[in-house]
Amino acid sequence: MKKQKLSYWAKAIGAELLGEDLSFSEISLDTRKLTNAEACLFVALRGQRHDSHRFIAAAYELGARCFLVEEVPEMPLKGAGFLLVDDSLAAFQKMAGHHRRQWESMVWAITGSNGKTTVKEWLAQVLAAHIQVGRSPKSFNSQIGVPLSILLQSGKRNLNIIEAGISMPGEMQALERIIQANLGIITLIGEAHLEHFQDKKHLAREKCNLFVHCETVLFPQDDPYIDAALNELNYAGERITWGRGENAHLRLLSHSRNFDTQMLELEWKSQTFELTIPFSDNASKDNAMMVILGMLVLDLPIEIIKKELSKLQPVSMRMEILEGKFQSTIISDVYSNDLASLEIALDELRWLRNEDAKRTVVLSDIIGSSWPEAKLYEKVFKLLIEKGVNELIGVGACISKHASKSGIPFTTYPNTAALLAGFDLRSIEKGALLVKGARVFELEQFVTHLQEQHHETVLEINLDHLVQNLNHYRAKVGRKTKLMAMVKAFGYGTGASELASALEYEKIDYLGVAYPDEGVELRQQGIEIPIMVLNSPASSAALFAKYDLEPVIYSSKQLEGLLATWELMELKSLQKIHLEFDTGMHRLGFEEDELPALIGLLEKNKHLVQVSSVYSHFVAADDPAHDAFTLNQIALFEAMSEQLKGALNYPFMMHLSNTSGIERWPQARFDMVRLGIGLYGISNSAAERAYLTPVATLKSIVSQVKTIRKGESVGYGRSFIANKDMEIATVSVGYADGLSRKLSNGKGALLIKGNKVPILGRVCMDMTMLDVSGLGVEAGDEAIVFGEIPRIEEIAHLLETIPYEVISGISKRVKRIYVHL
């Protein structure tokens, strides 16, 4: 953005200016990604489940002095300037609309139920060599994502493509005022995001509000809803379509599929031509047709269109965070490379590891930028330094030419083949590596080379969903109640250190782990917030002191053992401890008649230890049949806590509620609650699940599809015999990965292409066979074991167990991938 004073923007968006009239040229919504803070405006957004106003002080400490707020902090911030508004989101959107009006470039807006991100990315791929193209990064298509996309873009390019999506009626009008598109594209109207709309007709009308001021709209003629929606909106611009019908402007005359390609026979303005796309599925064919139509509207020659379509590459919808060799962490973002997406990727790298970890960036040439080459790489290198990058690995002729001006240690390679041959993998040991490149460099080969595991089954952990669930419970318990997040058992199988980093940024109050070594690992990863350790043997006393871990004490004998070591260590500060009361679980903990002896031990050793909290475990908080027992637990816990309070002359926290307790027993929230399985989007309550989003998705791919005849068997023991000819798919997931053998013989099912397909025969160690008859399933298709559909609660019900057991049972050999959408 052009550098402007707060007073300029106050006038542009109708804000009240308070404090200093400072200047800024960048926008930040996230203190975790706040660099060059003195040049940033920190936008404090407020929603149903989040309030960024609580991060204003943190942004100020990092150097930010310009703020867009709905309320000014009570504590004065010296030298700061505030744009005070009634609605910070609406004001943020006004800023983006004002910025958009300064552009000289043509703007295309794209929406639809499915395929919009792919069409946007493919258009950028095929047009990059012919015109200067900008586009919204990733899936930035929401009420926040669209204005951020606009503010990240320059209006100096030939074309900017902005993606827009909605989840509720009335949202598109706001996005239309921001984008102000010249041309609109709508892919199709489908079932996705239909839950808040009356029907597909209603959804189509809401989406088409994006085009009310467009000169032209491109859409599939065969979709019955789009043309009708444009008519209802009295759209007067040009309509250009693709389809099979005679009236389509771009006609699909025929198409034929091979194993991994598809040939399309097309007609445009009475000219017939053929081209090939490197995908065989119908969705890719439809997306490609929209891309071809866009290229034709730009009057690109058909020979150019043929050439570019033959080179289409798969679209990665998000960055992937992967486990690398030598205990490294890899961020893979290898399908696009421009300044805006580079900054987003660098923010992820900066957040990923502690400050002591080495941060390396593998970066290819940036292709298709509107900046002069020298100026472009000056900006790139400035970003690398601002984001704390320690080393640059350049790939390509251009970045190699300019790398000596980067200001950081660098190595360059002419191409990816040279990188693969010459890169020393040990140089990334225990570090973090971002691999970022234009698609033509095929840096995914290098990512594969870096990865620790190559198993096709993965557990995908969505950190955005984790934060959404956290904010749901945060709103539920209120600001006065602290939150402890349980990340024990490898984060319920999802990976503790990555989750802990995300939770620490979200200012969780405490973390809970099962064993001391889990806490030590988190400290070694740079986690600084308090950590409570549930199982705390006396033999680990030195670890608790060294790594600032807070043990749970459940018996006098255990405490005496710990105290003996701490006495010898001559601690410089009091060791914080947590006391566990047994109120009915009868597993671990002090019973009421043991309190006098405990109090005496604490008084005798008050020079060594301080009680941080007392807590107990609910036995059946989720079960109404045991509500009387739960009430007795609450009463006993309060009585025991009061007895201890009367003996100690300092305050301590009380906590009793787990996820089910948070949901059903508001009177038992006390000073803190322990959020466990609910944080991961899992709940025993159907009503509560409506507000939660699953964090983990276990998925694999189809290895092979084959036809079996009636009477033939599938799998070990011939436990399934076909009663008709069928198509079966073999998927690379088995009981060694965590898919239970109890789901064999049709008891369980996986999700492929939106269909639940039953398991045939027995689940094998590494593979599972499925009935995919008539679904057009192919090798390489995704198969989901659990996620949003089917939910893990369904799997647990089939296995007659609990979701905890299912999620924590996912094998360590299954690769964990962490994503931000």
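The values are calculated or read from the model by the stated rules, or taken from the named source; none is laboratory data. Keep in mind that what you see is a predicted model, and the values were worked out from it rather than measured. Heads up, the Cβs are rebuilt from the backbone with ideal geometry, glycines too, and the neighbour counts pull from every protein chain shown. Ligands, DNA and RNA are excluded from the accessible area calculation, which covers all protein heavy atoms including side chains. Shrake-Rupley method; radii C 1.70, N 1.55, O 1.52, S 1.80 Å.
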As a test question: what accessible area, to the nearest 10 Å², does Trp371 have when a 1.4 Å probe is rolled over all protein chains in place? 80 Å²
Once normalised by the length of the stretch 141-257, the mean sequence separation of its alpha carbon contacts under 8 Å that are 6 or more apart gives a contact order in percent of 20 percent
Which of the pairs Lys507/Lys576; Lys387/Lys436; Lys307/Lys436 have their Cα atoms more than 23 Å apart in this structure? Lys307/Lys436
For Cα pairs less than 8 Å apart in space and 6+ apart in sequence, what is the mean separation divided by the residue count of the stretch 428-584, i.e. the relative contact order in percent? 14 percent
When only Cα pairs under 8 Å and 6 or more residues apart are kept, what is the percent relative contact order across the chain? 8 percent
Using the structure shown, list the pairs from Lys375/Lys815; Lys325/Lys706; Lys724/Lys753; Lys430/Lys815; Lys201/Lys699 with a Cα-Cα distance above 29 Å, or answer none. Lys375/Lys815; Lys325/Lys706; Lys201/Lys699
At 1.4 Å probe size, with no ligands or nucleic acids counted, give the accessible surface of Ser400 in Å², nearest ten. 40 Å²
Translational diffusion coefficient (Stokes-Einstein; Kirkwood radius from C-alpha pairs) of the stretch 498-634 at 4 °C, 1.567 mPa s, in µm²/s: 80 µm²/s
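Quick one: plug the Kirkwood hydrodynamic radius of the stretch 568-618 (C-alpha pairs) into Stokes-Einstein at 25 °C, 0.890 mPa s, and report D in µm²/s.
Working: Rh = 12.1 Å.
The Stokes-Einstein estimate is 202 µm²/s.
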Among Gln221, Ile330, Met486, the residue whose Cα sits farthest towards the positive end of the charge dipole of the chain (+1 at Cβ of Lys and Arg, -1 at Cβ of Asp and Glu, taken about the Cα centre) is Gln221
What Rg and what Dmax come out for the chain when only alpha-carbon atoms are used, in angstroms? 29.0, 96
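Given a 1.4 Å probe and heavy atoms of the protein chains only, how would you sort Cys66, Cys398, largest accessible area at the top? Could you put the intermediate results ahead of the total?
Working: Cys66 0, Cys398 40 Å².
In descending accessible area the options line up as Cys398, Cys66.
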When only the heavy atoms of the protein chains count and the probe is 1.4 Å, how do Lys482, Lys401 rank by accessible area, highest first? Lys401, Lys482
Sites matching trypsin sites (Lys or Arg not before Pro) across the stretch 575-616 that sit in DSSP coil, with at most 14 neighbouring C-beta atoms within 10 Å: Arg587, Lys606
Could you pull out every residue, at least 5 positions away or on a different chain, whose amide H is within less than 5 Å of the one on Asn114? Hs are placed 1.01 Å off N in the peptide plane, and Pro or chain starts have none. Leu188, Gly190
Take Lys116, Lys557 and sort them by solvent-accessible surface of the protein heavy atoms, 1.4 Å probe, largest at the top. Lys557, Lys116
Surrounding net charge for Ala620, when Lys and Arg each add one and Asp and Glu each subtract one, Cβ distance under 14 Å: -2
Probe 1.4 Å - accessible area at His472, Å² to nearest ten: 20 Å²
For the stretch 383-485, what is the charge dipole size about the Cα centre, in debye to the nearest 20, if Lys and Arg each add +1 at the Cβ and Asp and Glu each add -1 at the Cβ? 780 debye
Of Gly407, Gln468, Val440, farthest towards positive along the dipole that unit charges on Lys, Arg, Asp, Glu beta carbons give the stretch 396-469: Gly407
Lys/Arg +1, Asp/Glu -1 at C-beta; the stretch 672-765 dipole; positive extreme among Ser740, Leu692, Ile752: Ser740
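Under a Cβ-only charge scheme (Lys and Arg +1, Asp and Glu -1), can you give me the dipole magnitude of the stretch 141-227 about the Cα centre, in debye to the nearest 20? Please list the in-between numbers first.
Values: 7 positive and 11 negative charges, 80 e Å.
With Lys and Arg at +1 and Asp and Glu at -1, about 380 debye.
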With a cut-off of at most 13 other beta carbons within 10 Å, and DSSP calling the residue loop, which GluC sites (Glu not before Pro) in the stretch 565-655 qualify? Please list them. Glu570, Glu591
Taking the Cα centre of the stretch 639-789 as origin, sum charge times position over the Cβ atoms of Lys and Arg (+1) and Asp and Glu (-1), and report the length of that vector in debye to the nearest 20. 440 debye
